[in-house]
There are 4 protein chains.
Amino acid sequence: MLDFCLFGAGRIGKVHAPNIAGHPKARLKCVVDPDLDAAQALAEPLGAKALATGEAALADDSIGAVLICGPTTTHIDQTEAAANAGKAIFCEKPIGLDIERVERCIEVVTKTGVPFYLGFDMRFDPSFREVRDAVLADAIGHVEQIIIVGRDPVPPPIAYVEQSGGIFRDSMIHSIDLVRWILEEDPSEAFAMGECLIDPAIGRAGDVDSVMLMLRTPSGTICTLSNARHAPQGAEGSFGAQFFGSKGLLRVGTAYPTATEGFDANGPLAKRDFPGFQQRFADAYRHELDHFVNAVIDGTPMETGLEDGRRSLLIADAATESAQQRQPVTIRY
Amino acid sequence: MLDFCLFGAGRIGKVHAPNIAGHPKARLKCVVDPDLDAAQALAEPLGAKALATGEAALADDSIGAVLICGPTTTHIDQTEAAANAGKAIFCEKPIGLDIERVERCIEVVTKTGVPFYLGFDMRFDPSFREVRDAVLADAIGHVEQIIIVGRDPVPPPIAYVEQSGGIFRDSMIHSIDLVRWILEEDPSEAFAMGECLIDPAIGRAGDVDSVMLMLRTPSGTICTLSNARHAPQGAEGSFGAQFFGSKGLLRVGTAYPTATEGFDANGPLAKRDFPGFQQRFADAYRHELDHFVNAVIDGTPMETGLEDGRRSLLIADAATESAQQRQPVTIRY
Amino acid sequence: MLDFCLFGAGRIGKVHAPNIAGHPKARLKCVVDPDLDAAQALAEPLGAKALATGEAALADDSIGAVLICGPTTTHIDQTEAAANAGKAIFCEKPIGLDIERVERCIEVVTKTGVPFYLGFDMRFDPSFREVRDAVLADAIGHVEQIIIVGRDPVPPPIAYVEQSGGIFRDSMIHSIDLVRWILEEDPSEAFAMGECLIDPAIGRAGDVDSVMLMLRTPSGTICTLSNARHAPQGAEGSFGAQFFGSKGLLRVGTAYPTATEGFDANGPLAKRDFPGFQQRFADAYRHELDHFVNAVIDGTPMETGLEDGRRSLLIADAATESAQQRQPVTIRY
Amino acid sequence: MLDFCLFGAGRIGKVHAPNIAGHPKARLKCVVDPDLDAAQALAEPLGAKALATGEAALADDSIGAVLICGPTTTHIDQTEAAANAGKAIFCEKPIGLDIERVERCIEVVTKTGVPFYLGFDMRFDPSFREVRDAVLADAIGHVEQIIIVGRDPVPPPIAYVEQSGGIFRDSMIHSIDLVRWILEEDPSEAFAMGECLIDPAIGRAGDVDSVMLMLRTPSGTICTLSNARHAPQGAEGSFGAQFFGSKGLLRVGTAYPTATEGFDANGPLAKRDFPGFQQRFADAYRHELDHFVNAVIDGTPMETGLEDGRRSLLIADAATESAQQRQPVTIRY
């Protein structure tokens, strides 16, 4: 049994908390959030304790793991504190938004030697995992072109946008990580375009909401990643990918929870809309928690680590700079 | 926590055992099978005890529930013994093959008042449940026509065929139950055709392997159910359904575990075959166990019961008689 | 060049007339209809003459072919007259509704030796032709089960229903012909159910509007054909088929004119509805005319003939009788 | 009737020649090709005359139109000669590869006032036309992002590559024109990446074979166009597009000639491969010819003209420069 303290009772904490509570080898002991009401609302129904700060939990030897999923700005401090307390760490992506601060954090965590998993949940989506397995098994030969689309259902609150580090670091970083993970190769060149088309308030917050990023790898793979802060069409086409190889094509289509379709005189019956990535990647969240719990208990390696966080952040930094400067950027790791 | 004794370490026991073991509110205490090696092979890795006979388990007060999934011929005796021992009962379909014997069993179980769930797992398939919910919500109006296809991947062993009660009672009974459950109406007329096309040994065992059944309900719904003992094309089209209503159409297509598709010069990369219903209905098996566990613990009603078993058996009996006599059969309940 | 006289300016005449006029090797010379206004409305824009009766056209030696597509009750008389006038004949299905009258007509036409094509247009649908080609090439082995669905978009006028010979002879006869044509085998046993669910006036006219027909062939193929007089869901699923073989599956899905799909917050953008079989089988109508014109000009055999009409009618007769008697019917040819 | 002289008996001439011959309002009078054998092989079966040079045809007053589809290097000279001879002109894209030469040609043709159509056949593909119609009808609101994929089935001969002007001007220009046509807006900024991954001989010929182009329009639409010189996966995914709008999504999927699908133990039966764009866009070629013939006969405007050729070439020039310089390029018209 692995006992958890969860940091962050927000949108993503609400995904992880019941997954911990329902895992046969895990227990949710406490939920930490400065908003104690939110912590309580999440903790109580799951039989856990609510705390406003984390010191007591980190000092509690019965707690073996922390899951850090508060605002991005808190990730590094909590990661370092948990590492120093000897806890196994599951940290939501991104670790941080400042590359130098991230590198110092890597040093701290590495020194303590605690197990660390970075929450690139899309790696645990069965569809994308099937792509990676097929690519590694050489099913489509050398991957020549990649197109990945990822769209939020609706724009996040402006307060979130302001802290997010921008759409490339906050949102597109998932697709960036997929490219690195599936190709097992790091892109060397980035060019991005960004526009604010969806909500002018996003522009006033200094961000863009509709972006494309072109990447090139040393072996010649050319990728285009597309993200946007809304998906007026619902689930259909909101997360999808094409991998064109020298021998074939792999494609990730729209994933629906059932194989049922309905039609009446007005078109389809079920609107098949989706409230967001929490639903699309519900299985992925469960699978990544299962991976983390088992890796901690069995002492086996984590599928993602701090270096994945650092490299994806460097690419997102390059994309951000490219979109702002309207120039291609060479990526150095 | 609900502690289980599982009766039957065969094909379907191998599906249920890990589901029990992995359920947060359930524990697998013992596995009973006259083939003690099989019982051991299943029980041991899950931390359960293997037994050749069930008496000890039924006498053990710590065991709250039995899951009966041995050969069909054993279901009734085990059900009655478990009922008399006061256990909650999860019995695989069908309860039995002889309608009079089934009716006596219903009396026994009813008298004891123990919770009883009959394993029509397809009711817990999210796709078919979505159909039922939509039909009950009047999304397609009065259901005028139904077509349901169900195919085994490969023929079962002849020894299994011989005990199975025939393809209508063994295999098509799932689709029969779906019709009753989705329409909330019992068919009144049956006509069936059967052929032995796939394996002559099935014919020598007195059964057929390729069948269609036409049903009519009192409200005028006409249904065709199609079953066969092989699916040379793999998963594609092996389980599917169409529900034509006065206002629209509901359709259940091929359910795949991922949204990934692959193509190379020889066609698709992933063969997308399926080893059988255990894989297609893996989620349904988990959901029905979850339903059973919660209904026992909370004392809430079971979604299927003995009367569902009796009625579906009567329809399968009518289908069997119709195919043999080449005449339509009126169904009386 | 083959000059045509078209008999019948109704629903189906409006499909054939422009096809004749647009064919590079054919010319539409006249349109015959007792409703002279209708004849004129159809003939004039296509540069043809309108006539109330056919004598003059049949006497005109420059006319090489007739296309008969008026009410079913007129087919046989016009066919015999055209045969006696030595014209090549394209007759819409069915030839007639009375099997004895059909057999006498066959004698007449056979004696004259004129080319005769019976308008089973679905044989020229590229999707069903692909199925037949694949079946004949043994792509799926022995065909064990067939399911074919065919639905009208909306019920025909009651006046049409009254003359139609009933839904089996009028509508389902297309699927019946497909089964014979694809299997190259004639069914020997029929069982049908029919209900009047859509429009009570259809019932008052002595017909049903929602039917299923089960057929068995001597080699053991079991088929279910489903037809209904409306399709509230639009094109989706209104014409479709599954052919389950000993080695694989062939399936005909919904045929759309483009590969474009649209989605907005209310679901799909394009309703993708279809006004009926004229649209679904527009290509088939063109292909069958092309086949007829070339077969007449080149003196090559027709793909369908009178015997196909007779046999399909016998099966439709058996279906009608079965639905009325609620008994299976043995089919003799 | 419009009588044609066809210039060019190659790959694309073989598509157009039978379309002219089969059009009810057109006649193929002669085929011109310096390779007289090729001209003869194409002309004779269609009842046309073969010529090695075009002077006689241009001098023949009975010829009303020319269709120019020889090597790109011949387009401008033949266009100018035909314009000076007063013929209506259907010229395959691109007009030419040198923007200054193109601009002089535009002057010549404009002065003569002959009807001119530039063969952007994809505008006549029913799927892409449906997209344009929907976009113009504001079905998806402002188009925020576009992704278009176009792939050749196999690389063209190196001799062709050498004359082609490069993959952006030869191949991607189709997608470039689609963007301009559907958006009714000209992109202002281009960034492209190109690699030679498929055939080193293409690299030795100074070209690349795997490219992506990112475009931005003044209203903020960001597009990515992807092209490659092979499609090892066959038809699936080789031509496709996504248009993400402020209100919804339009998508062009894989267009297959039938709605038939087949599956056996090895996967799908029909490989559904495609020999190339001639097959994928067979309907489009017929539709564009029909448009041209009717526009000439009726004196109505052409859907594409010289200015479309000039602007698409300017964008393809920018893409080529960007890929070579690894810098974004501003496009000026």
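Miscellaneous remarks
- Pick from the stretch C:70-86, criterion out of contact with any Leu (no Cβ under 7 Å at 6 or more places or on another chain) and not in a helix (DSSP H, G or I), ranking: nearest to C:ALA38 (Cα to Cα): C:GLY70
- Scan of the stretch C:93-107 for residues that are at pLDDT 95 or above and either touching a His at 6+ places or on another chain (Cβ under 8 Å) or surrounded by 22 or more Cβ atoms within 10 Å (Cβ to Cβ) (or both), ordered by number: C:CYS105
- Within the stretch D:185-199, the set of residues being in contact with a strand residue (DSSP E or B) (Cβ under 8 Å, 6 or more places away or on another chain) and farther than 19 Å from A:SER219 by Cβ comprises D:PRO187, D:SER188, D:GLU189, D:ALA190, D:PHE191.
- Residue among A:ILE182, A:ILE222, A:ILE202 that alone is over 25 Å from A:ARG132 (Cα atoms) and either touching a strand residue (DSSP E or B) at 6+ places or on another chain (Cβ under 9 Å) or of a type outside the set (Gly, Ala, Ser) (or both): A:ILE202
- Taking the numbered list (1) in a strand (DSSP E or B); (2) closer than 19 Å to C:GLU321 by Cβ in turn, C:GLY206 passes all entries but (1).
- First in the stretch A:277-304 and free of Cβ contacts under 8 Å to residues at least 40 places away in the same chain, second anywhere and in a helix (DSSP H, G or I), Cβ under 9 Å, 6 or more apart: A:THR300/A:ASN294; A:PRO301/A:ALA295
- Filtered residue count, the stretch A:109-145, keeping only those that are free of Cβ contacts under 8 Å to residues at least 40 places away in the same chain and either in contact with a Cys (Cβ under 8 Å, 6 or more places away or on another chain) or closer than 18 Å to A:THR72 by Cα (or both): 0
- Sub-9 Å Cβ pairs linking a first residue in the stretch B:173-188 that is farther than 14 Å from B:LEU225 by Cα to a second residue that is among the acidic types (Asp, Glu), at least 6 apart or interchain, are B:TRP181/B:GLU303; B:TRP181/B:ASP308, ordered by first then second residue.
- Test: A:ALA159 is part of a helix (DSSP H, G or I), away from chain D (no Cβ under 14 Å) and without any contact (Cβ under 8 Å) to a residue 12 or more places away in the chain: yes
- Scan of the stretch D:175-195 for residues that are over 18 Å from A:GLY245 (Cα atoms) and assigned to a strand (DSSP E or B), ordered by number: D:GLU189, D:ALA190, D:PHE191, D:ALA192
- Of the set (1) surrounded by 20 or more Cβ atoms within 10 Å (Cβ to Cβ); (2) without any contact (Cβ under 8 Å) to a residue 60 or more places away in the chain, all apply to C:GLY206 but (1).
- Those residues of the stretch D:37-62 which are under 29 Å from D:ASP170 (Cβ atoms) and of a type in the set (A, V, I, L, M), in sequence order: D:ALA38, D:ALA39, D:ALA41, D:LEU42, D:ALA43, D:LEU46, D:ALA48, D:ALA50, D:LEU51, D:ALA52, D:ALA57, D:LEU58
- Among the residues listed as B:ALA134, B:ALA139, B:ALA159, the single one being of a type in the set (A, V, I, L, M, F, W, C) and in contact with a Lys or Arg (Cβ under 8 Å, 6 or more places away or on another chain): B:ALA139
- Flag: D:ILE198 does not match the condition of being more than 14 Å from chain C (Cβ to nearest Cβ), out of contact with any helix residue (DSSP H, G or I) (no Cβ under 9 Å at 6 or more places or on another chain) and in a helix (DSSP H, G or I).
- Those residues of the stretch B:157-179 which are in contact with a Ser or Thr (Cβ under 7 Å, 6 or more places away or on another chain) and surrounded by fewer than 19 Cβ atoms within 10 Å (Cβ to Cβ), in sequence order: B:GLN163
- The set of residues from the stretch B:209-230 being among the charged types (D, E, K, R) and farther than 15 Å from B:THR320 by Cα comprises B:ARG216, B:ARG229.
- Counted residues, the stretch C:311-333 - those being hydrophobic (A, V, I, L, M, F, W, C) and within 16 Å of C:ASP209 (Cα to Cα): 3
- Counting the residues of the stretch B:182-195 that are more than 8 Å from chain C (Cβ to nearest Cβ), more than 13 Å from B:GLY166 (Cβ to Cβ) and crowded, with 20+ Cβ neighbours inside 10 Å gives 4.
- Selection from the stretch A:276-309 of residues that are surrounded by fewer than 19 Cβ atoms within 10 Å (Cβ to Cβ) and of a type in the set (Gly, Ala, Ser): A:GLY276, A:ALA282, A:ALA295, A:GLY299, A:GLY305
The values are calculated or read from the model by the stated rules, or taken from the named source; none is laboratory data. No experiment lies behind these values; they were computed from the predicted model shown. Note: ideal-geometry Cβ built from the backbone for every residue, glycine included; neighbour counts use all protein chains shown.
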